[in-house]
Amino acid sequence: MMSITKILNTISSNFRFLIFLPVFITTTAFGQNNQTLLLNIGDPAPSLHVREWLKGEPVEKFEKGKVYLVEFWATWCGPCRAAIPRLSKLARKYKNKVVVIGIDAYEKKTTSIEEIKKFVDSMGHRMNYRVAFEDSNFMETGWLDASWEKYIPTAFVINTDGRVAFIGHPPLLHEVLRHILNNKWNINEASAERNSNKHLEKLDDSLDIDLSKYSGNNKNPYGEPDSILFLIDGAVSKEPQLKYAPSIAYYTFYALLATEPHKAYEYGRKVLETSTYGPPANNSIISVIEWYLDKMTLPHEIYELGADAYQGKINVFSYPELLEQYDLFKYYNKMALWYWRAGDKSKALYAQKKATKALKKMK
């Protein structure tokens, strides 16, 4: 049997994490971290409640002995649209082994079911699996909200026993399905790992609320760095895995850059190399540097760190086609500027060539 961590290690080192579009993000109070997940890996799969089947043969219920892949998507969601051909590829590959279902959820109120049908029809063979429109908000509540999933696309895999075997994101499905179908998936380990990640994510989110009280403003750009570091030390001493999590990374780097820039650089390097419950917190490093750009003189090494963070930001896109040329131009242009300020002319010129190439592709 293999855990999720071991399986991810079998994926290429160049595997790119998905960038998700947020839908409804609820504010998390610190006390909520102890809540029990209403739906988790290992639980019996909830029932399907759909208003209408838009494509393919209807599925009334999950039958024992069959594997199902249920993916939540919406017409407005770029990553969802990018995932469609990949899901179709999986549906073809596992035609007699896996039933693939796309559930339209989190749709805009202004989008009619006729418009959704038109979209599905326009996809033709590129959307080569069953598609349904959810009934009211039952699927959102009983599946996404119950499992603490706040982004789409999100996929659920139901095993032959009718239990949820995987909750996650489409780029992982190729490896996940292969191991589930080969009986090499340890559902208990997968559940434990997901519990741990969700716990860390909730803690990180709630700490962000407390730490934001000590951040700066235009009149006092540095805020209260000592208070920030004091609170973070207390939190990390209780949960060491939080040390490089996105919110903790932002405020730690923010406070250190205001007080001890070299320590900030050393810490930032660790941030770019460390995944907590998701990809490394590249955005945390970039955001802090952007904040201080016109407020203090930054050391050369900080500009180098920021440029590397932009490269990391580019690398974590699991759907490169979603990186519009304008975004690529902006990212590489900023990288070129920061590498230049860091004194690395060769990297600056390389990044500028990338920016120029992206610019030429813009309409």
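The table for this structure:
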read-out	value
Top positive-direction residue, dipole computed over the stretch 197-361 with Cβ charges, set 340, 289, 221	340
Straight-distance crosslink candidates among lysines, where the alpha carbon sits under 30 Å from residue 295 and sequence neighbours closer than 8 are dropped	213, 219, 243, 263, 270, 313, 330, 334, 345, 347, 353, 354
Shape category assigned to the stretch 125-224 from the gyration tensor of Cα positions, a/c cut at 1.5	prolate
Charge dipole magnitude, Cβ of K and R +1, D and E -1 - the chain, Cα centre, debye nearest 20	1600 debye
FRET efficiency, 1/(1 + (r/R0)^6) with R0 45 Å, evaluated for residue 184 and residue 136 via beta carbons	0.75
Partners for residue 238 among aspartates and glutamates (Cα-Cα distance below 18 Å; same-chain residues under 8 apart left out)	201, 204, 205, 208, 210
Charge dipole (the chain, unit charges on Cβ, about Cα centre) - positive-most of 188, 237, 53	53
Per-pair calculated FRET efficiency, R0 = 25 Å: residue 262 and residue 220 via Cβ, rounded to 0.05	0.60
Ellipticity estimate at 222 nm from DSSP helix runs (n ≥ 4, -39,500 (n - 2.57)) divided over the chain, nearest 500	-15500 deg cm²/dmol
Nearest 10 degrees, 0 to 90: helix 246-259 Cα axis against the chain principal axis	0 degrees
Residues residue 296 and residue 227, FRET efficiency given R0 of 25 Å [Cβ-Cβ distance, rounded to 0.05]	0.85
Gain in span if fully extended, residue 43 to residue 270, counting 0.36 nm per residue against the direct Cα distance	78.1 nm
Proxy reagent accessibility, fewest Cβ within 10 Å first, across 116, 103, 209, 286	209, 116, 286, 103
Gain in span if fully extended, residue 323 to residue 210, counting 0.36 nm per residue against the direct Cα distance	37.4 nm
Over the chain: Rg over Rh, Cα atoms, Kirkwood Rh	1.00
Label-point gap, in nm, between residue 92 and residue 51 - each point 7 angstrom along Cα→Cβ	3.2 nm
Residue 64 paired with residue 117, simple spin-label distance in nm, labels 7 Å along Cα-to-beta-carbon	3.8 nm
Rounded tilt (10° steps) of 325-342 against the dominant C-alpha axis of the chain	30 degrees
Anisotropy class of the stretch 32-183 from Cα gyration tensor, a/c 1.5 cut	oblate
Degrees between helix 225-238 axis and first principal axis of the chain (Cα, 0 to 90, nearest 10)	40 degrees
Cα gyration tensor shape of the stretch 212-338, rounded if a/c is under 1.5, else prolate or oblate by comparing a/b with b/c	oblate
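Each reported figure results from applying straightforward, stated rules to the coordinates on display, with no laboratory input. Because the structure is a prediction, the values reported are computed rather than measured. Here the Cβ is made from the backbone with ideal geometry for all residues, glycine too, and neighbour counts use every protein chain on show.
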